[in-house]
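The values are calculated or read from the model by the stated rules, or taken from the named source; none is laboratory data. Since the structure is predicted, the reported quantities are computational estimates derived from the model, not experimental observations. Cβ atoms come from the backbone with ideal geometry, glycine included; neighbour counts cover every protein chain shown.
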Amino acid sequence: MLWTEKYPIENLDDLHHHKELIKNLKKINKNNFPNIYFYGKKGCGKATLVKLMLKQIFEFKSIKLIKIDMSPNIFFLKNNFYYYIDILLLGKKQENIFTKFINGIISTKTITNYQHCFVITNFEHANKNFLKFVKYYLDKKNSTSKFVFVSNTLNKNKMVESFCLPIKIRLINQQEIKLIFNKMKIDDLKILNHEVENIYKISENDLTKTLFYFQLKNHDPVEFKKYLKNQENFYDHIYKIISNNKIGNVVKIREIVNKLMIKNFNIISFIRNFAKYLLKKTNNFEEMIYVLKISVKTTLCYNDTSKEIILIENFFVKLIRFYTNK
């Protein structure tokens, strides 16, 4: 069992970070509940905040959700108060699947006899037709349905933002992660202090990644080393492609990028880590400057998720050109 499930955070008051935000979220109740658009970098705690906020609004005891299958590869989660849908599971025809799903639900009464609530995660991957469909429901003045959107970015979805209260979630810092970790009171903790500090560093303020690393290191140190080694091997594989002057390298890179997108990688974290990997491999000053220049430029341009595939592909193509002309 994952530690996030074994040692769950049960209430907003249990969180030691985002204090000002939590103070405002606690003011929301059934009578003033707006449509909300949560956004922030992957690993900042958006999903946890949403679940705890809804628990407080609807006053239920547990944040556990049950799985409901719609088809072999598509499912959603629910409890008696809200529905939890991951847009990545809906496939290419997002709007068709969701239309049937939401129309069937809205035509029924809620247990609270008040309103239906839909939480839609990974909303940055919504296509144009899906956005139009959601806008249609948000625009209905007499609708009792409420929407909570969870996204890694804000810029793409201006069509929807105007109908929602936008709330930005910042990445938490190492000190805040330590407070959360100490609060969990984990049994049989075998990690030494210097190992704890190292995990904080490699996790880059990503709470989900931090807890995963801690659990893996605690229960299977050998597997933890293998996991980190596999990451290094993955970087080696990419380096071989970009540094060899061969026709078809761009196609190979495109395949890797597609795999990264499917796995919902933290693009910024990946680019930074790969840049660090490249810097360790060279003593060439010109190469160091170039790697730093394009990695910083790429991360600074990372605002619009609709262009993230183009962004990371462009990052690799520039590296291929550099190593080809080197």
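Pairs under 6 Å by beta carbon, first residue assigned by TED's automatic domain parsing to the domain that holds Ser295 and buried (at least 16 other Cβ atoms within 10 Å of the Cβ) in segment 255-268, partner in a helix (DSSP H, G or I) and at pLDDT below 75, six or more apart or different chains? Correct list of pairs: Ile267/Glu308. Residues of segment 137-185 that are modelled with pLDDT under 70 and in contact with a strand residue (DSSP E or B) (Cβ under 8 Å, 6 or more places away or on another chain): Asn157, Val160, Glu161. Taking the criterion of being among the hydrophobic types (A, V, I, L, M, F, W, C) and modelled with pLDDT under 75, the residues of segment 61-89 that qualify are Ile63, Leu65, Ile66, Ile68, Met70, Ile74, Phe75, Phe76.
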